[in-house]
1. Cβ-Cβ below 7 Å, separation at least six or inter-chain, first residue in the range 290-304 and under 21 Å from TYR335 (Cβ atoms), second basic (Lys, Arg): which pairs?
2. Considering each of PRO354, PRO378, PRO339 in turn, give the residue that is in contact with a His (Cβ under 6 Å, 6 or more places away or on another chain), farther than 15 Å from ILE451 by Cβ, in contact (Cβ under 8 Å) with a residue 24 or more places away in the chain and not small (Gly, Ala, Ser).
3. Among the residues that make up the range 67-75, is at least one of them at positive phi and either modelled with pLDDT of 95 or more or outside any strand (DSSP E or B) (or both)?
4. When only residues in the range 1-18 that are of a type outside the set (D, E, K, R) and closer than 12 Å to VAL86 by Cβ count, which is nearest to the chain's Cα centre (by Cα)?
5. Do the conditions hold for VAL95, that is, is it assigned to a strand (DSSP E or B), outside the structural domain of GLU197 (by TED's automatic domain parsing) and over 25 Å from the mean Cα position of the chain (by Cα)?
6. On the given criteria, is GLY328 among the small types (Gly, Ala, Ser), assigned to a loop (DSSP other than H, G, I, E, B), within 18 Å of the chain's Cα centre (by Cα) and within 26 Å of VAL65 (Cβ to Cβ)?
7. Go through (1) polar (S, T, N, Q); (2) more than 21 Å from the chain's Cα centre (by Cα); (3) assigned to a loop (DSSP other than H, G, I, E, B) one by one and return the number of the condition SER104 breaks.
8. Do we have any residue at all in the range 198-206 that's farther than 26 Å from ASP114 by Cα, free of Cβ contacts under 8 Å to residues at least 24 places away in the same chain and out of contact with any Ser or Thr (no Cβ under 6 Å at 6 or more places or on another chain)?
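The values are calculated or read from the model by the stated rules, or taken from the named source; none is laboratory data. All figures in this text were calculated on a predicted structure; none of them were measured in a lab. Positions of Cβ are generated from backbone atoms using ideal geometry, with glycine treated the same way; all protein chains shown enter the neighbour counts.
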Amino acid sequence: MLDKVLVLDVLDEALKTGGDFAEVFFEDSVNNLIGMGNNKVENSASSMVYGVGIRVIKDFFCSYVSTNDVTRNGLLKAAKTAAQAVKDKKRNHAVSFVEQHIFSRHPIIDNPLDIPKIQKREYLEAVSQKAYGLSGKIKRVEASISDKEQNVLIANSEGLWIEDKRIYTSFGLTVIVDENGEQFDDYIRKAGLRGFELIKNANMDEMAEKAVHNAVEQLSAVKCPAGKMPVVVGNEGGVLFHEACGHSLEATSVVKNASVFAGRLGQKIANENITLVDDGTIPNAWGSLNVDDEGFPTQKNVLIKDGVLTGYLVDGFNGRKMGMKPTGSSRRQDYTFMPTSRMNNTFILAGETPVENIISSTKDGLYITKFGGGSVQPQTGDFNFSVSKAYLIENGKVTKPVKGAKLVGNSADVLQNIDMVGHDLNIGGTGRCGSASGWVPVCHGVPTLRIKEITVGGQK
């Protein structure tokens, strides 16, 4: 980490032109990846991220400079550059640090950086061979393990000095099947803010069986019908609400009035059976942190309670503009990005309805268990999602798998139209979310629920 005297000098330089806040974010990270395809290693890489981001704020103006030159001269030069964007009278701003020690909620048993690549390769070979042996229709199996150790220091002119170590491990499996030139695939991912024990404790055989089953099943899928209909979203479909609702509740969009939910605190925006939470404190969850990238402790933020909008995800800088306290939601991909408000682990709380009752009470409709890619316009709430796994519901029963389905709707309408919520909450979806401050690990979850009517795009 950096020397405290040096950091004090850097902050002093950053404030010389009149800024009222300055921050230093130092990062030292190691990233590893090993990937297999067609039963051979196709990718093996390691990389380092090492540098400092310096931010200067004056009222509602912000300047940011990053550098990988962490010598004294390099840091002072970067601080001076950041300060030049602020033009005000000189002022003295004495800084002294109060070092904060954090209690980690995320215990690590095996640091993945200590695990030899040959051992990681053995896990990938085993799961690949298992998958290939399950069906003669498999064209290709891809498996990968990635891990990261990120060490950060966050210091600012308000006296904050805090250090944190973050260990990430993830496993991904893709199975591609082919029949008469028609191909389908299924992807399974397991990831967490945890060590290599995530891989050791994973049931690789079960994951292979699930991925192969899902991919092969699509070969017999029928074309999805189109039109407005009831849609039941299974408890692996949390990404829909991450994208369609979560981004519109980030201060990044709200402060610009570029969110369908801007200015609506205290208003009913969803069915009363909906409570939406973003929680950065869940032990070892992929989207969790001890502190966010401004040094604020993460917390459990209730965004919608019983259908009423109760909060936003707020970072320190946008909080100034909104007159709101930070919610521990400020994140960045690495030191080259300025932080802003982002989701951590976002999910709808479970209801009390048994899943079988949700299905049986839906005469005809669509049952979606997995989404593909999609897009959302935060200002309007309009979204469009592809569906990677879904089934017809006919006479209250799940029947044929379908292909080519798309979901088209509006986030505000969807929240109002959820009329049934199951008791089977699953906070298991993991991925990387891209936004203004780069790509960050996020987790999402949802219980099985029913949207009483939404537009489904089908396949001709």
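1. ASN290/ARG105; ASP292/ARG331; ASP293/ARG331; ASP293/ARG332
2. Numbers: PRO354 fails: in contact with a His (Cβ under 6 Å, 6 or more places away or on another chain); PRO339 fails: in contact with a His (Cβ under 6 Å, 6 or more places away or on another chain).
Step by step, each of PRO354, PRO378, PRO339 is checked, and only PRO378 is in contact with a His (Cβ under 6 Å, 6 or more places away or on another chain), farther than 15 Å from ILE451 by Cβ, in contact (Cβ under 8 Å) with a residue 24 or more places away in the chain and not small (Gly, Ala, Ser).
3. no
4. ALA14
5. no
6. Yes, satisfied.
7. With respect to (1) polar (S, T, N, Q); (2) more than 21 Å from the chain's Cα centre (by Cα); (3) assigned to a loop (DSSP other than H, G, I, E, B), SER104 is out only on (2).
8. yes
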